[in-house]
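Here's the structure, in structure tokens; my notes come after.
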Amino acid sequence: MHAKVVGAYMKDTIRTREFSIDDYDAAVELWKRVEGLEIAEGDDKESVAQFLTRNPGLSRVATNGSVIVGVSLCGHDGRRGHIYHLAVHPRYQGVGLGKRLVQECFSGLRDAGIQRAIILVANDNARGREFWRRCDWEELSGALAMGKDVVAASPPMTKDE
């Protein structure tokens with residue numbers, strides 16, 4: 001389908017709802033189809049189930065009938081909101097579905113009292129960066145994303161060491 005056809009069709013057939021762990025396998029398949037999205041540690045089913053339990057009602061899926069065509073993981077730490085793995089099936093891109101999912105995530109974050117959200121976009125994901133810019137997100141100059149595996153980290157030293 002062309003973007004205009006999908007856009008007109010979307011209003012009547014695309015539904016959004018809370019992401020359930022039962023959606024996990026379909027979400028992973030969608031994540032694999034979307035350019036620039038990387039599945040990494042913490043994206044296994046058990047970890048996503050824990051994330052959803054800690055952040056009830058915030059993550060969203062979009063469906064066309066029984067087929068998942070959009071996904072957004074959303075949560076917060078009590079201070080900042082975080083959106084992860086926003087993905088829209090390539091056939092449904094460019095018609096506002098990604099923006100719709102983000103708006104629904106923001107609605108949940110506002111209800112939770114969260115005032116600001118953060119995303120991480122890979123440097124080499126030009127299409128993703130352009131999407132977020134079109135949605136009025138700002139790049140944080142002077143900020144550098146850093147990470148470390150908690151499991152592999154050495155335990156803290158004790159006074160006796």
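Assorted remarks:
- For the chain, built as a Gaussian network whose Cα springs stay under 10 Å, the top-fluctuating residue of Ala49, Ala62, Ala87: Ala49
- Protein-only accessible surface at a 1.4 angstrom probe places the residues Tyr84, Tyr92 in the order Tyr84, Tyr92, largest first.
- In the chain, the calculated helix contribution to ellipticity at 222 nm averages -10500 deg cm²/dmol per residue, counting -39,500 (n - 2.57) for every DSSP H run with n ≥ 4.
- Note on segment 79-93 and segment 10-51: Cα centroid distance 9 Å, given to the nearest whole angstrom.
- Pairs of Lys residues in the chain are counted when their Cα atoms are under 27 angstrom apart and they lie 8 or more places apart or on different chains; the count is 10.
- With pairing defined as another cysteine C-beta under 4.7 Å, the cysteines of the chain that fail it are Cys135.
- Applying the Karplus relation 6.51 cos²θ - 1.76 cosθ + 1.60 with θ = phi - 60° to segment 51-58 yields 3J(HN,Hα) values of 4, 5, 5, 6, 10, x, x, 8 Hz, where x marks Gly and Pro.
- Counted residue by residue at 0.36 nm each, then reduced by the alpha carbon distance between them, the extension gain from Ala40 to Leu120 reaches 27.5 nm.
- Lys, Arg +1 and Asp, Glu -1 on Cβ, resulting dipole of the chain about Cα centre, debye, nearest 20: 820
- Karplus (6.51, -1.76, 1.60) ³J(HN,Hα), θ = phi - 60°, over segment 29-40, in Hz, Gly and Pro reported as x: 4, 5, 4, 5, 7, 9, 4, x, 9, 10, 8, 9
The values are calculated or read from the model by the stated rules, or taken from the named source; none is laboratory data. Treat the numbers as computed from the prediction; the structure is a model and nothing was measured. Don't worry about glycine lacking a Cβ; one is built from the backbone with ideal geometry, like all the others, and counts go over all protein chains shown. The area values use the complete protein model at the heavy-atom level, side chains included, leaving out ligands, DNA and RNA. Shrake-Rupley method; radii C 1.70, N 1.55, O 1.52, S 1.80 Å.
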